[in-house]
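Visitor: Below you will find the structure I want to go over with you.
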Amino acid sequence: MTVFSKVLYGSLHVKAYDWVEPAVLSKTKERLAKFAVDKVLTAPCVTSVLYPNAGGNLHCFTALTPCAVLDILTPTYNEQAGRKCTYYHDYPDSKLSSGVEVKDGGTEEYAWLSEIETPEDLYMRPGQYTGPAIRE
């Protein structure tokens, strides 16, 4: 999936990761990811683009003020097609205690991600695009 995100008003913190490839799993099944983005976005600002395999497609938005974000996902979530909406808890790891050898960059650039249930306080208002056809 590719995700286009636009902060409409307010401020939020964006933390985003890319999976380390080949996959590295901890003894307790967390998966190693590398930080791609760690910044604050305040409207008005440019549209952020997250690509399927680079640029932080595993991302977390944390509101710093009341805010709204317009997310356009393409293609849309579809569990049968392998595009499941998944949630993670991150465990930044400055030691990489699993014995993983990091070849590019310092260990502070990595975190373990553990899949969790959908957060109870999550609020998303989905919508279907009904405008003119978009041509490639």
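The values are calculated or read from the model by the stated rules, or taken from the named source; none is laboratory data. Computed from a predicted model, the values in this text were never measured in an experiment. As a convention, Cβ positions derive from the backbone with ideal geometry for all residues, glycine included, and neighbour counts pool all protein chains shown. Please note that ligands, DNA and RNA were not included when accessible areas were found on the heavy atoms of the full protein model with its side chains. Shrake-Rupley method; radii C 1.70, N 1.55, O 1.52, S 1.80 Å.
Visitor: On the given criteria, is A23 surrounded by 12 or more Cβ atoms within 10 Å (Cβ to Cβ), more than 14 Å from the chain's Cα centre (by Cα) and without any contact (Cβ under 8 Å) to a residue 40 or more places away in the chain? Don't jump to the end; show me each part of the working.
Guide: On the way: surrounded by 12 or more Cβ atoms within 10 Å (Cβ to Cβ): no; more than 14 Å from the chain's Cα centre (by Cα): yes; without any contact (Cβ under 8 Å) to a residue 40 or more places away in the chain: yes.
When the stated conditions are applied, A23 does not pass them.
Visitor: Among (1) out of contact with any Cys (no Cβ under 9 Å at 6 or more places or on another chain); (2) of a type outside the set (A, V, I, L, M, F, W, C); (3) farther than 19 Å from Y110 by Cα, where does E79 come up short?
Guide: That leaves (1) as the condition not met.
Visitor: Still on this structure: Failed condition for L41, given (1) over 12 Å from W112 (Cα atoms); (2) over 11 Å from the mean Cα position of the chain (by Cα); (3) open to solvent by 70 Å² or more (accessible area, probe 1.4 Å); (4) not aromatic (F, W, Y), with all others met?
Guide: Unmet condition: (3).
Yes/no matrix, rows are residues, columns are (1) open to solvent by 70 Å² or more (accessible area, probe 1.4 Å); (2) assigned to a loop (DSSP other than H, G, I, E, B):
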{"site": "F4", "(1), (2)": "yes, no"}
{"site": "V7", "(1), (2)": "no, no"}
{"site": "H13", "(1), (2)": "no, no"}
{"site": "T28", "(1), (2)": "yes, yes"}
{"site": "V37", "(1), (2)": "no, no"}
{"site": "A54", "(1), (2)": "no, yes"}
{"site": "P66", "(1), (2)": "yes, yes"}
{"site": "D71", "(1), (2)": "no, no"}
